[in-house]
Amino acid sequence: MDLRDRRDIGTDVYQPAEDSQLLAETVCDRLSSDDGDRSDERRGTGDDRTVLEVGTGSGYVASRVADETGVRVIASDLNPHAVRQAREKGLETVRADLVSPFADGAFDAVAFNPPYLPTDPDNEWDDWMERALSGGEDGRAIIDPFLESVDRVLAPGGVVYLLVSSLTDVDAVVERAGEEGFSAAAVADESFPFETLTVLELFR
Amino acid sequence: MKESLLEILCCPLDKHDLELEDAEYDGDEVVDGVLVCTECGERYPIEDGIPNLLPPDMREESPA
């Protein structure tokens, strides 16, 4: 069974699945919560927070966060078809490679459901859906450069919500995040037949 | 894109500010134009209202 069989693939844009739902719910919960220790710093700042979703795909997660929390959400993707779908949902969209075109300290939170499926190099196929799913041989080919660069765009007290899978080795992601100066907390998880999905909250 | 998006964008190459040139508007949306780096002069197109801020070497890379 290859990646094409594991996911229902039929378009140029990754459509919402269990991972998208888990990330959307978790980000909405965490942003809406006034009880978190770090959110105390923001109390009274209302809805002037700005959140970036990297790799927004169809725009599902970004739309839910915008609708359910009232924060300003920017949705970015490498894929031109994805940014068009996201813009049709009324989102502010940018075609971008990870966080490279965003200003220093611009975001109170950055959410990312990265391509994470470990892929045999011989089995890769060169189209947009592969780019949306494949995380290279260890599943972390996109996660690592994201972890290296995301700190720059976070505002003081800013956090990252990163969806990871047991297929990707969550401990290795946590260790890599640690090397970049982040502490990690697993704030949600959900088990499925061939993987367990976890949302990591990364903070400094 | 909204013009206010400019405040949170920068040149993906050198992280300097961008300036909007040749803007065409539909209401408060910028639907066409170019974002130009104030430092290196690299130009980034706005396509159908969506700024394309891929670094130049990635811009033409478009599978399927």
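Worth pointing out:
- Each of A:Phe112, A:Leu200, A:Leu167 was scored by the projection of its Cα onto the charge dipole of chain A, and the greatest displacement toward the positive side belongs to A:Phe112; charges sit on the C-beta of Lys, Arg, Asp and Glu.
- Inter-label distance for A:Asp67 and B:Glu39, nm, one decimal - labels placed 7 Å from Cα along Cα-to-Cβ: 4.0
- Helical runs (DSSP H, four residues minimum) scored at -39500 (n - 2.57) apiece and divided by the length of the protein assembly as shown put the mean residue ellipticity at 222 nm at -6500 deg cm²/dmol.
- When Rg and the Kirkwood radius Rh are both evaluated on Cα atoms of chain A, their ratio Rg/Rh stands at 0.94.
- Chain B: proportion of alpha-carbon pairs further apart than 18 angstrom, %: 32
- Cα-based values for the range A:92-204, radius of gyration first and Dmax second, are 14.1, 43 Å.
- Using a Förster distance of 25 Å, the FRET efficiency for A:Ala186-A:Asp47 (Cβ separation, nearest 0.05): 0.40
- Value of relative contact order over chain B, rounded to a whole percent, pairs C-alpha under 8 Å and six or more apart: 26
A short reminder: the numbers here are calculations on the coordinates, not readings from a lab. As the structure is a computational prediction, the values presented were derived from the model and not from experiment. Because the Cβ atoms are built from the backbone with ideal geometry, glycine has one as well, and the counts that use them run over all protein chains shown.
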